[in-house]
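Worksheet for the structure shown next.
The values are calculated or read from the model by the stated rules, or taken from the named source; none is laboratory data. Keep in mind that what you see is a predicted model, and the values were worked out from it rather than measured. Virtual Cβ from ideal backbone geometry, glycine too; neighbours counted across all protein chains shown.
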């Protein structure tokens, strides 16, 4: 599905990058419209991703980064599944402002298209849902995710089907495998936003 076609289903996908996307999300937060839309659309990305992450992480107090946390939907799902030590990061401060209290230990603004200002091997796992899509975050951040994760930890993320090859996620994922930086454990099609005919690849990789 082309960016134009999918943009007719979800206008956010018509945007290109940077400030334009941030402004759209800031507007989307008014009267809590973003969260209401996610409910109306039966957005299943957070539930599917956390179910897969939980499958490989039985220890509940591991330190997790929810990258591109938005209003905290994934963080809430992690909490509901017993995880207790979660940081959240997003590029829209107005989205961050809508995160409920007591979901994240630390919450900060971040641009995932820039070098991440986080030390090496800080986290025991990463979730990243809804971030790898049209006009949002590009493949080089996967290098940064590997860098900030401890060895043997898991990175669990979604990639919009439409950008997987177009943006080069296929090549970056293979490159990280070929260089033995990580191993792909599961890779399958997620329902994601099936009500809008928008699907994503759901991936979990283990850092080597």
| Which one of the conditions (1) surrounded by fewer than 20 Cβ atoms within 10 Å (Cβ to Cβ); (2) farther than 17 Å from residue 45 by Cβ; (3) free of Cβ contacts under 8 Å to residues at least 60 places away in the same chain does residue 164 fail to meet, given that it meets all the rest? | (2)
| query | Taking the stated definitions as given, is residue 148 more than 16 Å from residue 130 (Cβ to Cβ) and either surrounded by fewer than 16 Cβ atoms within 10 Å (Cβ to Cβ) or modelled with pLDDT under 95 (or both)? | reply | no
| said: Could you check segment 36-67 and list, in sequence order, the residues that are under 20 Å from residue 122 (Cβ atoms) and either buried (at least 22 other Cβ atoms within 10 Å of the Cβ) or modelled with pLDDT under 95 (or both)? | reply: 53, 64, 65, 66, 67
| Just checking, how many residues over segment 188-208 are exposed (fewer than 13 other Cβ atoms within 10 Å of the Cβ) and touching a helix residue (DSSP H, G or I) at 6+ places or on another chain (Cβ under 8 Å)? | 2
| field | Residue check for residue 83: over 16 Å from the mean Cα position of the chain (by Cα) and under 15 Å from residue 129 (Cβ atoms) | value | yes
| field | Residue in segment 11-22 that is at pLDDT below 85, under 21 Å from residue 189 (Cα atoms) and in contact with a strand residue (DSSP E or B) (Cβ under 9 Å, 6 or more places away or on another chain) present | value | yes
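Residues are listed down the side, and each one gets a yes or a no for (1) on the phi > 0 side of the Ramachandran plot; (2) crowded, with 17+ Cβ neighbours inside 10 Å:
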position	(1), (2)
109	no, no
116	no, yes
127	no, yes
135	yes, yes
138	no, no
141	no, yes
169	no, yes
| said: What's the total number of residues in segment 74-100 that are part of a loop (DSSP other than H, G, I, E, B) and within 20 Å of residue 30 (Cα to Cα)? | reply: 6
| What pairs come up if the first residue lies in segment 112-124 and is in a loop (DSSP other than H, G, I, E, B), the second is surrounded by fewer than 19 Cβ atoms within 10 Å (Cβ to Cβ), and their beta carbons are under 6 Å apart, counting only those six or more places apart or on different chains? | 113/138; 116/144; 120/147; 121/150
| said: Quick check on segment 25-35: of everything there that is in contact with a helix residue (DSSP H, G or I) (Cβ under 6 Å, 6 or more places away or on another chain) and in a helix (DSSP H, G or I), which residue is surrounded by the fewest Cβ atoms within 10 Å (Cβ to Cβ)? | reply: 26
| request: Give the number of residues within segment 36-47 that are in contact (Cβ under 8 Å) with a residue 40 or more places away in the chain and under 12 Å from residue 73 (Cα atoms). | output: 4
| request: Filter segment 169-205 down to the residues that are in a loop (DSSP other than H, G, I, E, B) and touching a residue at least 12 places away in the same chain (Cβ under 8 Å), then identify the one that is farthest from residue 44 (Cα to Cα). | output: 180
